Number of protein chains: 2
Amino acid sequence: MTSRKPAPSRQGGNGRKPDDDDYVLDSQVGFILRQVSQRHAVIFDELIGEGVTPTQWAALSKLQEIGPTSQNLLGRLTSMDAATIKGVVLRLGKRQLVETNPDPGDARRLVVRLTEQGRRLTRKLTPRAAAISQVTMAPLTPEEQTRLLALLTKLR
Amino acid sequence: MTSRKPAPSRQGGNGRKPDDDDYVLDSQVGFILRQVSQRHAVIFDELIGEGVTPTQWAALSKLQEIGPTSQNLLGRLTSMDAATIKGVVLRLGKRQLVETNPDPGDARRLVVRLTEQGRRLTRKLTPRAAAISQVTMAPLTPEEQTRLLALLTKLR
DNA sequence: GAATGAATATTTGTAGGCAAACAATAGGGA
DNA sequence: TCCCTATTGTTTGCCTACAAATATTCATTC
């Protein structure tokens, strides 16, 4: 018999005193979130093709949605900070999927826009992106899917 | 009037033909997951202190749970691949929180164990780690929290 | 017009995160 | 014993991700 917690003393109403032993990594939100994100990343990679990453896709898709935007705003709309969006735009630029120009009306801004190539690719990938979301959620029933999205959105 | 979709023709039962316009980045699971993870990371950073990162905490906590383990197994148990866990163990080693030794029984293995310092720090941080999970979930009622964890676990 | 503070962009440094290629060892089976 | 395969660990390269420091420009206020 080696248990460190043979008979935990109850106290106060019906509760237990929280013990360090109660902390199990595998049931913490943060840890589970990371695992779900990893699974999603795998699915993304398998279905998207074209060497496009999730963040790159976010930038492309958002540009398709809203048209040319400043690099900084694009970052905010895709939840990337200034340094991160810079790298993403740089790599998309190297592949000729976006182009950047100084904003004539505001010398601070760098306007990012899809190239024709970028538009074509984005249109081509959109159905795959939709499939990625479906496959990711596939283990859940439609009702569960709706519930999950609602709950996650509250934590956003 | 510039709408590209003035009167979508219905067909087949009650449905609509899915259109590219239906894809909105902000309601995709992957994108929302990233945002929730980001919020969690901020909370983690604010509450944990000691310059410990989420992955480093995962390693510390898991070592506390199960005792000395091979580096590779530790990686699997914390959902990190071999290259990632190597870096994490390296940085924890620099801070004297873990130590590594060759496994006498298997020359391939590198056994990772908490140092006394590492054990002390882990014990100290465990209540904070628990608080991080609570604060992250705080926008949800207890019932919602349970439901969310159950749904996420199915996607793990 | 000048000062001030906010917004935008860039650079550097640190830390995950993974793929791919590689080396070494372990474990079995022919 | 020898060979084959799986496991473990390392290294390199590329891509996020963010903090912090810096420079430039804009907008506001005085």
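The values are calculated or read from the model by the stated rules, or taken from the named source; none is laboratory data. Fair warning: this is a prediction, and the values are worked out from it, not measured in the lab. Cβ coordinates were reconstructed from backbone atoms using ideal geometry, including for glycine residues, and neighbour counts include every protein chain displayed. Just so you know, the surface numbers come from the protein's heavy atoms only, side chains and all, with ligands and any DNA or RNA stripped out. Shrake-Rupley method; radii C 1.70, N 1.55, O 1.52, S 1.80 Å.
A Cβ distance below 7 Å, combined with a sequence gap of six or more or placement on separate chains, defines the contacts here; from the range A:134-146, residues that are within 18 Å of B:E144 (Cα to Cα) reach residues that are open to solvent by 60 Å² or more (accessible area, probe 1.4 Å) in the pairs A:L140/B:K154. Take the conditions (1) among the basic types (K, R); (2) out of contact with any Leu (no Cβ under 6 Å at 6 or more places or on another chain); (3) free of Cβ contacts under 8 Å to residues at least 40 places away in the same chain; A:R119 misses just one of them, which is (3).
If the condition is being over 19 Å from A:R34 (Cα atoms) and within 12 Å of chain A (Cβ to nearest Cβ), then the range B:66-81 contributes only B:I66. A single member of B:T100, B:T84, B:T115 is within 14 Å of chain A (Cβ to nearest Cβ) and either more than 20 Å from the chain's Cα centre (by Cα) or modelled with pLDDT of 95 or more (or both), and it is B:T84. Consider the range B:109-129 and keep the residues that are out of contact with any strand residue (DSSP E or B) (no Cβ under 8 Å at 6 or more places or on another chain) and open to solvent by 40 Å² or more (accessible area, probe 1.4 Å). The one that is nearest to B:I48 (Cα to Cα) is B:R128.
When the residues of the range A:107-116 are filtered to those that are in a strand (DSSP E or B) and touching a residue at least 12 places away in the same chain (Cβ under 8 Å), which remaining residue is farthest from DNA strand C (Cβ to nearest atom)? The qualifying residue farthest from DNA strand C (Cβ to nearest atom) is A:L114.
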